[in-house]
1. Would you kindly work out the equivalent ellipsoid of the stretch 1-78 from its C-alpha gyration tensor and give its semi-axes, the square roots of five times the eigenvalues, largest first in whole Å?
2. Taking the Cα centre as origin and putting +1 on Lys and Arg beta-carbons and -1 on Asp and Glu beta-carbons, what dipole magnitude results for the chain, to the nearest 20 debye?
3. Taking the mean number of other Cβ atoms within 10 Å as a proxy for protection, how do you rank 3-14, 83-94, 112-123 from highest to lowest?
4. Relative contact order, percent, of the stretch 2-133 when contacts are C-alpha pairs under 8 Å separated by at least 6 residues?
5. Just round it to a whole percent: the fraction of Cα-Cα distances in the chain exceeding 17 Å.
6. Residue 2's amide H: which non-local residues (gap 5+, or another chain) put their own amide H closer than 5 Å, with H modeled 1.01 Å from N in plane and none for Pro or chain starts?
7. Name the most mobile residue of 22, 65, 111, meaning the one with the largest mean-square fluctuation, in a Gaussian network model of the chain with Cα contacts below 10 Å.
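Nothing in this text is a laboratory measurement; each read-out follows from the coordinates by a stated rule. Just so it is clear, the structure is predicted and the values come from calculations on it, not from any experiment. FYI the Cβ positions are ideal-geometry reconstructions off the backbone, even for glycines, and counts take in every protein chain you see.
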Amino acid sequence: MKVVIDTNVLISGIFSGGAPDLILRAWRKGQLELIISEQILEEYLTVCERISQRYPSVDVRDILLLIAQNSTPLDSPDLPDPISSDPDDDKFLACAIAGATRIIISGDSDLLTVSGYQAVRVIKPRAFIGEHLT
């Protein structure tokens, strides 16, 4: 199953555990195919570097390298018009659409609000696990 994972899910999975961690574990086991774009990878990197400055014992470089090497990268053109009330979130929709991916896993309220745009469902991590990983 192909999915796009929002940055908040990635960060929560790395640093906090819980449902996001279970999603990352499913991806590492090959149960999920992570679709990423250059814009998403750049955001992952920026946010991880910022957080790792506060938690120097956590080395995010290996995690980001693993993501870069074991995900399906694609070019995702910008959407013709802003969709989310947070324009930074549109890159996740654009990536899902370009990759014919129908699921974005996110806890971001701005993304959750636009669930259903071009048949892309935005779903919270716990709901995703309940529907797809049990």
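1. Each semi-axis is the square root of five times an eigenvalue, giving 19, 16, 10 Å.
2. 700 debye
3. Values: 3-14: 22.0, 83-94: 19.2, 112-123: 16.6.
Highest-to-lowest ranking by the protection proxy: 3-14, 83-94, 112-123.
4. Relative contact order, the stretch 2-133: 31 percent.
5. Tail fraction, whole percent: 55.
6. So residue 2 has HN proximity to 33.
7. For the chain, modelled as a Gaussian network with Cα springs under 10 Å, the answer is 65.
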